[in-house]
Amino acid sequence: MKVAFLDRDGTIIVEPFDERVDSLEKLKLIPGAIRGMRLLVDHGFTLVMVTNQDSLGTTVFPHERFEKPHSRLLQILEREGIRFSRIFICPHTLADHCECRKPKTGLVREFLRQHPLDPSRCYVVGDRETDVQFGKNIGSKTIRLTADEVSEADYVTDSFLEACTYIVLVDRSADLDGPTS
């Protein structure tokens with residue numbers, strides 16, 4: 001199974017200054033996000049969202065303030081033929097020391113058990129080094145969306161569309177270079 005694990009804030013949607021997309025006014029897609037995800041879907045990739053949402057479900061960040069923009073995002077993407085197979089959300093803060101916050105793998109452990117990954121055909125795309133570490137922890141290739149040149153990611157770009165194009169090109173190259181009957 002070809003899987004693209006995608007972070008949400010800072011990867012698919014612009015992350016606001018306060019790091020919370022808690023209103024429709026703050027919901028802005030990253031340039032090229034729809035085209036990039038459509039490219040992945042058209043090339044047979046399963047999309048899985050994995051996102052940390054600090055303090056979700058608390059008085060600081062109530063569920064209803066998260067749900068409205070999140071639901072709108074999913075509606076916009078669905079109209080474009082883009083659907084996530086699974087969406088994993090960690091509501092904890094770093095100080096909680098939970099097992100599900102990226103870069104830890106607790107959120108996806110059962111999914112990975114049910115769907116063993118082919119590491120050569122799986123990618124984690126995110127804007128933070130914790131996304132890169134998460135990818136390495138699950139045995140996936142990694143792409144970091146940043147203007148920084150320093151990263152442990154397998155590929156670095158500041159363009160979501162370029163990241164998706166890279167995934168498709170590498171996947172097609174692997175198909176061509178693979179064993180033949």
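The values are calculated or read from the model by the stated rules, or taken from the named source; none is laboratory data. Here the structure is a predicted model, which means the values were calculated and not measured. No Cβ is skipped: glycine too gets one built from the backbone with ideal geometry, and neighbour counts run over all protein chains shown. The accessibility values were calculated without ligands, DNA or RNA, using every heavy atom of the protein model including side chains. Shrake-Rupley method; radii C 1.70, N 1.55, O 1.52, S 1.80 Å.
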Yes/no for Gly135 being buried (at least 24 other Cβ atoms within 10 Å of the Cβ), over 16 Å from Ile13 (Cα atoms) and either in contact with a helix residue (DSSP H, G or I) (Cβ under 7 Å, 6 or more places away or on another chain) or not β-branched (Val, Ile, Thr) (or both):
yes
Of the residues Ala95, Ala147, which single one is open to solvent by 40 Å² or more (accessible area, probe 1.4 Å), in a loop (DSSP other than H, G, I, E, B) and small (Gly, Ala, Ser)?
Ala147
Filter result for the condition that a residue is open to solvent by less than 50 Å² (accessible area, probe 1.4 Å), in contact (Cβ under 8 Å) with a residue 40 or more places away in the chain and more than 20 Å from Phe160 (Cα to Cα), over Ser71, Ser23, Ser55
Ser23
Given the conditions (1) over 30 Å from Leu169 (Cα atoms); (2) open to solvent by 40 Å² or more (accessible area, probe 1.4 Å), which single one is not true for Pro31?
(1)
Taking Arg101 and the conditions (1) charged (D, E, K, R); (2) open to solvent by 30 Å² or more (accessible area, probe 1.4 Å); (3) assigned to a helix (DSSP H, G or I), which numbered condition does it fall short on, given that it satisfies the others?
(3)
Sole miss for Leu112 among (1) open to solvent by less than 90 Å² (accessible area, probe 1.4 Å); (2) more than 18 Å from His63 (Cβ to Cβ); (3) in a loop (DSSP other than H, G, I, E, B) is condition (3)
Within the stretch 104-121, is there a residue that is within 14 Å of the chain's Cα centre (by Cα) and either of a type in the set (D, E, K, R) or under 16 Å from Ile30 (Cβ atoms) (or both)?
no
Of Val132, Val48, which residue is at pLDDT 95 or above, touching a Lys or Arg at 6+ places or on another chain (Cβ under 9 Å) and not in a helix (DSSP H, G or I)?
Val48
The stretch 157-174 - residue that is farther than 12 Å from Leu40 by Cα and modelled with pLDDT of 95 or more and, of those, surrounded by the fewest Cβ atoms within 10 Å (Cβ to Cβ):
Asp158
